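The values are calculated or read from the model by the stated rules, or taken from the named source; none is laboratory data. Worth saying up front: this structure is predicted, and the values here are computed from it rather than measured. For neighbour counting, all protein chains shown are included, and Cβ atoms are generated from backbone atoms with ideal geometry for every residue, glycine included. In case anyone asks, the SASA skips ligands and DNA or RNA and just uses the protein heavy atoms, side chains included. Shrake-Rupley method; radii C 1.70, N 1.55, O 1.52, S 1.80 Å.
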Amino acid sequence: MAPSATLATIATPPALDELCINTLRFLAVDMVQKANSGHPGLPMGSAAMAYALWDRSLTFNPHDPDWPDRDRFILSAGHGCALLYALLHVTGFDLPLEELKKFRQWGSRTPGHPEYGKTPGVEATTGPLGQGLANGVGMAIAEAALGARFNRPGHQIVDHYTYVLVSDGDLEEGISSEAGSIAGHQHLGKLIVLYADNHITIEGSTELTFTEDRMARFAAFGWHVQRVERSNDVETVALALNNAREETDRPSLIAVRTHIGFGSPNKQDTAAAHGEALGLEEVRLTKEGMDWPVSPSFHTPEEALEHFRKAVARGNSAQTEWESRFKAYAQQYPDLAAEFQRVIDRRLPEGWDVGLLAFTPADGPMATRVASGKVIEILGSRLPEMMGGSADLGPSTHTNIDGAGNFEPQDWAGRNMHFGIRENAMGAILNGMALHRGLIPYGGTFFVFCDYMRPPMRLAAMNALPVIYIFTHDSIGMGEDGPTHQPVEQLIGLRSIPGMVVLRPADANETVAAWRLAIGRKQGPVAMVLTRQGLPVLDLNLYPAIPTGVPLGGYILADSPATERPDIILIATGSEVHLALEGRDRLLTEGVHARVVSMPSTNLFAAQSDEYRETILPADLPILVIEAGSPLGWQSFVGPRIAVIGIDTFGSSAPGPVVMEHYGFTVENVCKQAHHVLDRLKEKAPCA
Ligand SMILES: Cc1ncc(C[n+]2csc(CCOP(=O)(O)OP(=O)(O)O)c2C)c(N)n1
């Protein structure tokens, strides 16, 4: 296979094309200049190829940006967002010129990087380079999966393309190889990537850092690759896009030799065009050089606007045409059509959680990862929109849905994903799947490796995406693999991500409640943190508060005897809840009344009312926290009365119980620390 097919350039752009392209360029230039902040270079260089895509290929409706079968467009090089905002404005999205004039200002719909949910037409939050490309792979996977599930002969109701615009930085980031490899392997023929090959990054020429043959690299991943030498040649870019669409078996990369800061006499092809406004004088020179009025700024020629706005009629008719196809489909397959609408709307089917699982002590001891696997089996059979897998740890993470098949090039109907050992791309692909809608995506790995997917997890939280992570081997309790595999700082790390709900269930029954919560949560990601080791199953007859307590984040699992006010509260999470219960029993024999609070989610608990939290943790009671993780963060709950049994160093390699013992996770230490806090409080109590 030839690594690339170089296309001959044909005509120069006709005058109207050029007018439209310059409109985009100078809107971007003026936005950045007015804000005195932003990146003019990429928009100036990529305006022509973006125009070729939006004018000749992209199917979208500015008046209904969310209709399900639209093409997706992701600007992975989010720093070039002035270009996207200009496109959205001129093609008729609800983004008036006034918003362009408020680029990067407080409260505007034109933030410094594209943010999902803030600007109509923005399909994904981008900015951390490489993530957008992998989001695109996730969207293309979603399209393939939904097509396989819903399309019927003669009824292609899911049939759209995913386009991504990337820059050098996107392709330098390692995630591009992870995602590119998956896309090639899966033969995602409807994924088309335009590459702004401008030879410039922030520190200067790509000769400094980026000299491999990118085309050969993507060809080796199994992509169809093309090169366009003259970026302003709209027809050639359009032709390459056509070729890419006709290539149904492989994803496409179209490298377009663009020129950063195109038209700027002193900054074109230099890093100076990248990250700051051109400056008033350079703006003037650039406009004059391209026959553009120097003032007023934000000049939008009527003729160009009229041409761009044809997108509205085009989009309306594409959508209407799809709607009539969908109607015919609904007549022939009413149940499927209703089901399609349900999953796109993220509605759960009636009774999805009725009679979910209830475990008894006789089922134990059971690792929470095993309990989670059993829940996934049931939920997976009730919710066909559940789709996910693991980064090559499926047998350990228990993430497989039996009987649901593998998602493979030959069979996109399978729902079990094999992401390979590619956590970063897995996270970003899950984001793309969630952004696309129609699926409940989940992904699993060992908890310690969530560090490899922190960037997409952060973006999932920022995008408020319903993505579920299944992290197993959740503490030093996992044992022999040693400190490289024993998570310590990950819990506090994830809890500190705004909008991320972290759930660390204490047993199989809390795991069921955690899953119920995760599936029901339609906004924002949930991280399930599960044990490798077996744990006793808490008896629902003895602990009836579990199902209602878990969604509150923290609740009283076992109180001090009814007549007694507790002397101390033991807060524990996950596997350490059992230690707290044992400690409570032992303390009782020593005359100390302890309350055990199970706190599977500090995030959810913190979100409860002051009254509720005060009921669980009265301000005047001493507290001992028991959690096999970094003690950081607990102080906010307990203040100066705190003693924490936690871990603030890396772990050690030994059998799990031995490691736990060495780090103080023993009944003896629980009691010792509890007495320690009590003694301290007595010392502090004012003399009567
Ligand atoms: C993960 C990540 N690292 C660093 C940055 C900061 N950054 C923004 S743009 C950029 C490089 C710009 O080069 P290129 O991707 O070629 O964009 P262009 O210069 O063509 O605009 C960098 C390092 C980022 N946005 N994301």
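Below is a table of values for the structure above.
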{"item": "Pairs of Lys in the chain closer than 25 Å at Cα, counting only those 8 or more apart or on different chains", "result": "20"}
{"item": "Inter-probe distance in nm under a simple model that places probes 7 Å from Cα toward Cβ, at residue 382 and residue 199", "result": "6.0"}
{"item": "The chain: projected area of the alpha-carbon convex hull, averaged over directions, in nm²", "result": "33.9"}
{"item": "About the Cα centre, charge dipole magnitude for the range 51-125 (Lys/Arg +1, Asp/Glu -1 at Cβ), debye", "result": "300"}
{"item": "Among 460, 442, 512 - extreme Cα towards positive end, dipole of the range 442-513, charges at beta-carbon", "result": "460"}
{"item": "Stokes-Einstein D (µm²/s) once Rh is taken as the Kirkwood radius of the range 494-601 over alpha-carbon pairs, at 20 °C in 1.002 mPa s", "result": "149"}
{"item": "Degrees separating the helix 15-35 axis from the principal Cα axis of the chain, which is the longest one", "result": "40"}
{"item": "Using θ = phi - 60° and Karplus 6.51 cos²θ - 1.76 cosθ + 1.60, couplings along the range 501-507 (whole Hz; Gly, Pro as x)", "result": "9, 9, 10, 10, x, 8, 6"}
{"item": "For residue 387, distant residues with modelled amide H under 5 Å away", "result": "440, 442"}
{"item": "At R0 = 51 Å, FRET efficiency that the Cβ-Cβ distance of residue 680 and residue 523 yields, to 0.05", "result": "0.75"}
{"item": "Summed side-chain charge close to residue 374 - residues other than residue 374 whose Cβ falls under 12 Å, Lys, Arg +1, Asp, Glu -1", "result": "-2"}
{"item": "Cα long-axis angle, helix 81-91 against the chain (0 to 90 degrees, to the nearest 10)", "result": "60"}
{"item": "Acute angle (nearest 10 degrees) that the helix 667-684 long axis makes with the longest principal axis of the chain, alpha-carbon atoms", "result": "90"}
{"item": "Cα convex hull of the range 403-519 - mean projected area over all directions, nm²", "result": "8.2"}
{"item": "Gain in span if fully extended, residue 328 to residue 392, counting 0.36 nm per residue against the direct Cα distance", "result": "18.9 nm"}
{"item": "Binned Cα-Cα distances of the range 340-415, short to long, each 10 Å bin given as a whole percent", "result": "16, 42, 32, 9, 1"}
{"item": "Calculated from backbone phi, Karplus (6.51, -1.76, 1.60) coupling profile of the range 605-616 in Hz, x at Gly/Pro", "result": "5, 4, 7, 6, 5, 4, 4, 4, 5, 5, 5, 7"}
{"item": "Amide H contacts under 5 Å for residue 527, placed H, 5+ residues apart", "result": "469, 501, 502, 503"}
{"item": "Sum of side-chain charges, residue 146 neighbourhood, beta-carbon under 13 Å (Lys, Arg +1; Asp, Glu -1)", "result": "+2"}
{"item": "Å² of accessible area per residue within the chain, as computed with a 1.4 Å probe and no ligands counted", "result": "37"}
{"item": "Expected 222 nm ellipticity per residue - DSSP helices of 4 or more, -39500 (n - 2.57), all of the chain, to 500", "result": "-12500 deg cm²/dmol"}
{"item": "Sparsely packed GluC sites (Glu not before Pro) within the range 520-600, loop by DSSP, other Cβ within 10 Å at most 15", "result": "564, 590"}
{"item": "Share of carbon and sulfur in the accessible heavy-atom surface of the range 341-426 [1.4 Å probe, %]", "result": "50"}
{"item": "Residues in the range 20-45 that a label on residue 235 would reach, taking backbone N under 19 Å of a point 7 Å out along Cα→Cβ", "result": "20-22"}
{"item": "Nearest-20 debye value, the chain charge dipole, Cβ charges on Lys, Arg, Asp, Glu", "result": "800"}
{"item": "Cα centre as origin, Lys/Arg/Asp/Glu Cβ charges: the range 284-360 dipole, Debye", "result": "80"}
{"item": "Förster radius 60 Å - calculated FRET efficiency between residue 247 and residue 667, Cβ distance, rounded to 0.05", "result": "0.40"}
{"item": "In sequence order, calculated HN-Hα J values of the range 55-72 (Karplus, 6.51, -1.76, 1.60; Hz; x Gly/Pro)", "result": "8, 10, 10, 5, 9, 7, 10, x, 8, 8, x, 10, 4, x, 9, 5, 5, 9"}
{"item": "Distance (nanometres) between label positions extended 7 Å along Cα→Cβ at residue 589 and residue 148", "result": "5.7"}
